[in-house]
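Notes for the one structure printed next.
The values are calculated or read from the model by the stated rules, or taken from the named source; none is laboratory data. Here the structure is a predicted model, which is why all the values come from computation and not from measurement. Here Cβ is always computed from backbone atoms with ideal geometry, including for glycine, and neighbour counts include all displayed protein chains.
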Amino acid sequence: MAVTSHDLVAEYVGSLANAGTAQGTNAPYISTWDNLCGTYDGALSGFTPDASSGWAGAGSAGDPYRLVFAGTDDVVTPSLWGVSSDLIFTYEAWVNIGAVTATQVIVAEGSTAAGGAYTSLRLVTGASYVYASLALYDSLGGSSLRQSSGTTVASGIHHFVGTCDATNSAIYMDGSIIGTDAAHSMSAANFATIDSANLGARQKAGLSVYLTAGLCTARIYNAKLTGAEVSANYAAGVLAYASSGGAPATWSGIRVTRHI
């Protein structure tokens, strides 16, 4: 399947326009994170100008531009993307993670009502591991969760992708598939309660499961990327996504020349 500009619903990249000389020192730290696709700009809340919260990065491969989440109440809230309502979507992110001591969400859509549905790309902790995971919880209480089997996530910069269609889902880390579900048994009708979208937290009748990491890029598609497309995006590297205050002049992998 060829990915077109209409498949890419939202894209948020760390940029020179937002990053200051140190974390949190630049004025836009508590304003918005622009979506390069035009709409769905994300409102920042909870961020403070200190060493663990706010804009950061020098724009290099080892220190990419990013928004650092402190894990307490930092969250970016755009208007609803709505891509998971038909269960055909992709969540993609480059994340700079440190020590992960609790389960935390990278990208999510969910319901502000009790008992509603939600979807999320997240990191899950256990007794001696950190897994990447794609969670699908419907409004009837059923769930389908596919996490990386035996693949522990180390600290550093990683590329995570969760894909889903009407019957199956998959999770990728650093260009390789690490978990699949051939029959997730979710019904799109059960996701009608989803009414919010977030970066860095999950909405489930209230925000929770906050991210403690630097989010370099988040991309949301209303299509399911193929394994080859995921691998191409990973091979392009984190700097292929970075910009200096607007859409990059050149694109790589499956990126498009002009957004909607």
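Some observations on this one:
- Restricting region 165-209 to residues that are touching a Phe, Trp or Tyr at 6+ places or on another chain (Cβ under 8 Å) and under 21 Å from G115 (Cβ atoms) leaves a set whose member that is surrounded by the fewest Cβ atoms within 10 Å (Cβ to Cβ) is K204.
- Members of region 189-209 found to be more than 14 Å from the chain's Cα centre (by Cα) and not in a strand (DSSP E or B), listed by number: A189, N190, F191, A192, T193, I194, D195, A205, G206
- Residue match in region 65-81 (condition: under 16 Å from the mean Cα position of the chain (by Cα), under 22 Å from E229 (Cβ atoms), at pLDDT 80 or above and not acidic (D, E)): yes
- Test set (1) touching a helix residue (DSSP H, G or I) at 6+ places or on another chain (Cβ under 9 Å); (2) part of a strand (DSSP E or B); (3) of a type in the set (A, V, I, L, M); (4) under 26 Å from A113 (Cβ atoms) - A218 fails condition number: (1)
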